[in-house]
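Let me begin by presenting the structure, written as structure tokens, before commenting on it.
Each value in this text was obtained by applying a stated rule to the coordinates, not by laboratory testing. Note that the structure is a prediction, hence the values are computed from the model and not measured. Cβ placement follows ideal geometry from the backbone for every residue including glycine, while neighbour counts extend to all protein chains displayed.
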Amino acid sequence: MDPGRLSIAQLRSRLAGEHDEVLLRSWCRLLAEDSRAGARALATQYERKLEGARRERTRLAGLFEHRAKLLRCGAQYVAGVDEVGVGPLAGPVVAAAVVLPERVSLPGLNDSKKLSPAARERLDGAIREQALAVGIGEVDSSEIDRLNIYRASLEAMRRAVSEVATHLPLDHLLVDARVIPGLGIAQTALVHGDAIDGSIAAASIVAKVHRDATMRGLDARYPGYGFVRHMGYGTAEHVAALDRLGASPVHRRSFAPVAAVAGR
């Protein structure tokens, strides 16, 4: 390994193709002592990348601390559970339950609300590829009107967990700020769980991507409301369309803005 024999362009290409962190650190040490400013700049650039990767590993390890404690106590299958779509005026509430293996590679994993659509799609694919099991639970607008949104969100989570439980003997659930009734499985409710726990964050991403796809389908079935842009939330555009077109079959009539239009 003699950096002096390589041009800066060759060094840049060599480092870009190197994924072994031990070797990258060795290159950085050598380049830091190179007489060429360009080589030293490359060393600084890759040292920052390596430090960023180290911090990301530490952050991700922290996200799985709750699950790690459960695994050390003998749990084998731990599911993270979260729901999305409580606030919209239209469409279903959707929950996901996700069981991840002990070792995962999910760089960038975070609360779905903090991610761009592209990042959510990327992570949804990675989660589904690595997960031991994924369950989806949906409660549509008519059921929401019958149950109320709080009970409907719990029912969506119950359905998601029940789907996973048909494949794996679940030992424990990590749930975003809720306790799901009627399951007979040990649970831990974590406030802001989608931001502090990796399994719940994964569930929030899967649920969000699934619901967004559903809303895009509903946009095609019920054009004019703009579902593809606001996903059913009560934006000014949505409220104006609701006033103009009236309520569609997928609007939640128990929600005040929809009830006001439907009662005309």
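Observations
- Listed values for the range 185-190 are Karplus-derived 3J(HN,Hα) couplings in whole Hz (6.51 cos²θ - 1.76 cosθ + 1.60, θ = phi - 60°), namely 10, 4, 9, 10, 8, 10, and x replaces Gly and Pro.
- Sequence-distant contacts, meaning Cα pairs under 8 Å at least 6 residues apart, place the relative contact order of the range 1-128 at 14 percent.
- FRET efficiency, residue 53 to residue 183 (Cβ-Cβ, R0 45 Å, nearest 0.05): 0.75
- Entry note, the chain: relative contact order of 21 percent, from Cα contacts under 8 Å with a spacing of 6+ residues.
- Of all aspartates and glutamates in the structure, those lying under 17 Å Cα to Cα from residue 114, and not within fewer than 8 positions of it along the same chain, are 56, 82, 83, 124, 176, 194, 197, 212.
- Separation in nanometres of the label points that stand 7 Å from Cα toward Cβ, at residue 13 and residue 71: 4.1 nm
- Formal net charge of residues neighbouring residue 111 (Cβ-Cβ distance under 12 Å; K, R +1; D, E -1): 0
- Relative contact order of the range 218-262: 28 percent, from C-alpha pairs under 8 Å at least 6 residues apart in sequence.
- Among 32, 52, 8 the positive-end extreme of the charge dipole of the range 3-62 (Cβ point charges): 52
- Amide proton proximity set for residue 82, modelled H, under 5 Å, gap of 5+: 96
- Over all distinct Cα-Cα pairs of the chain, the Kirkwood formula returns a hydrodynamic radius of 20.9 Å.
- Gaussian network model of the chain, springs between alpha carbon atoms under 10 Å - residue of 105, 162, 13 with greatest fluctuation: 13
- About its Cα centre, the dipole of the range 3-62 is roughly 100 debye, where the only charges are +1 on Lys and Arg Cβ and -1 on Asp and Glu Cβ.
- Estimated from helices alone, the mean residue ellipticity of the chain at 222 nm is -17000 deg cm²/dmol (sum of -39500 (n - 2.57) over DSSP H runs with n ≥ 4, per residue).
- Extended-chain gain in nm, criterion 0.36 nm per residue less alpha-carbon gap, residue 213 and residue 191: 5.2 nm
- Per-q log10 I(q)/I(0), the range 65-210, q = 0.09, 0.18 Å⁻¹ (Debye; single scatterer per alpha-carbon; no solvent): -0.23, -0.96
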